[in-house]
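Down below is the structure, laid out as structure tokens.
What follows draws every value from the coordinates through simple rules; no lab data is involved. In this text, all values refer to a predicted model and were calculated from it rather than measured experimentally. For neighbour counting, all protein chains shown are included, and Cβ atoms are generated from backbone atoms with ideal geometry for every residue, glycine included.
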Amino acid sequence: MMLSTVLKLSRAAMTAARATGIDLLSRTPPPLSPSSSRFFCGPKGSNASPVALQMIDYALSHSRSLKSDESYAQGLLVLEQCLSTQSNEVDDATSQNSRAIILLAMSTLLFERGAFDDAIDKLQIIQGLEHSHLGVRVASMESLVGLNLLLERNDTSRVLADKWLQLFVNVTADIDGVGSKVLNVHVKALKGLVELVHGNLESAESFFLASKDDKGCTGNVALSYGEFLHSTGKFSLAKELYQNAIEEISANKEFADPHALAACCMSGREVQLAATCALGQLEGHSGNFRAAEEILTMVLTKTEEHFGSHHPNVGTVLTCIALMFRHKAIMEHSSSLLIQEGLYRRALDLLKAPSLDTEGTKVDVARRDIVALARGAYAEVLCVQQNRKDEGEKMKSWAQTAWRNQRLSLAEALEISELSSTVPVIDARISRAL
């Protein structure tokens, strides 16, 4: 039954591709839906098969239409069939670009299903396609680093970023000056993000300053640089970069740019949600609580629409909202204990937080930063209630043990002061506290 369905979907995708009147010998595919594969291809320079691009568009749209295990499985099988039509024996740029972009799309669907290691496997294959467009390989590297940061494989992410910094010097001679500059900015900004996660602010700053460029400081670059500025108290500059990241993706400018591809947690959808979430946090840190609530509520709605209402990413956004209400209550000398507790409980449920009886250092906790931050703040809510103080102390102890941020202690991350210029920033792309 599944195979029959997939064959029908594949034929439908092929028919849709041909019905558009595409010249199969054309090197310039037509514009694709901004809601699907615009983040996987660029019409100039990638030279990928137009039919392959249309099948990617169809597979992504079908998978996301129902957001079910079955629809994702069918979308992946369509892409697998599409990949099988690309000859492994042909090593020209068009063939390798087609295979690479199909693998990017497959990795993204796997990521959205939570199959992170399978997504990493697809991305690693792209690294071996040496004749594919450099922009495609940079996109796969960027996604590999992002997924490893999400999985808290910090050392691996650093090795990958360092490898590409070194490798990039030797390969950029084959592409035009503008493209080389844009990709160079992406590679350096990614290294800056890795250093920021490691808590090395001085090193991170050096790479972000090197990526400060009007042509390349968009998307992931703008978001990562903005988070660095935000975490060091430069709110005005950070806000500009967040807004640039949101508007640049909303306007779909990157569609025409083969040097601005992205996938998985670093895709345009993810960047737009994460940049908006960061903007909401910034408004809260600035004391603009009404704006913060409006922005974060909008992010919550869009995250639920994109991932589904039970996805862990929804828990990450709920944690940001709860922390905003906590900040507001402290600054306005008010109380929102019931609101905060409801948000923390729901967030921790979606984040699949382990039992408090397990030691924070010994259990494998997905999205550990967010779980520890949520539990640390939730513990405060419990500790002010005399009949729940013991539960609060137990939760506080667990959170302190689980917290691994190298820049701030958990107490520093939860400290709220008008004099402090250092604040934690939750990166919703990689579910890390920076």
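Just a few scattered comments:
- Translational diffusion coefficient (Stokes-Einstein; Kirkwood radius from C-alpha pairs) of the range 80-164 at 25 °C, 0.890 mPa s, in µm²/s: 188 µm²/s
- Fully extending the segment from Ser65 to Ser355, taken as 0.36 nm per residue of separation minus the present Cα-Cα distance, adds 100.9 nm.
- Computed over the Cα atoms of the range 256-357, pair by distinct pair, the Kirkwood hydrodynamic radius stands at 14.6 angstrom.
- Here the spin labels are modelled as points 7 Å beyond Cα on the Cα-Cβ line, and at Asp155 and Lys181 they lie 3.9 nm apart.
- Amide H contacts for Ile426 (H built 1.01 Å from N in the peptide plane; partners 5 or more residues away or on another chain; cut-off under 5 Å): Leu434.
- Under the Karplus curve 6.51 cos²θ - 1.76 cosθ + 1.60, θ = phi - 60°, whole-Hz ³J(HN,Hα) for the range 205-210, x wherever Gly or Pro sits: 4, 4, 6, 5, 5, 6
- Additional length obtainable on full extension of the chain from Ala411 to Ser236, 0.36 nm per residue less Cα span: 60.4 nm
- Stretching Glu332 away from Glu305 to a fully extended chain increases their span by 6.5 nm, per 0.36 nm per residue minus the current alpha-carbon distance.
- 3J(HN,Hα) along the range 400-413: 5, 5, 6, 5, 10, 4, 8, 9, 10, 6, 4, 4, 5, 5 Hz, from the Karplus curve 6.51 cos²θ - 1.76 cosθ + 1.60 with θ = phi - 60°, whole Hz, x for Gly and Pro.
- Sequence ranges 136-145, 322-331, ranked by mean other-Cβ count within 10 angstrom, highest first: 136-145, 322-331
- Modelled this way, with points 7 Å down the Cα-to-C-beta line, the labels at Glu391 and Gln124 are 4.4 nm from one another.
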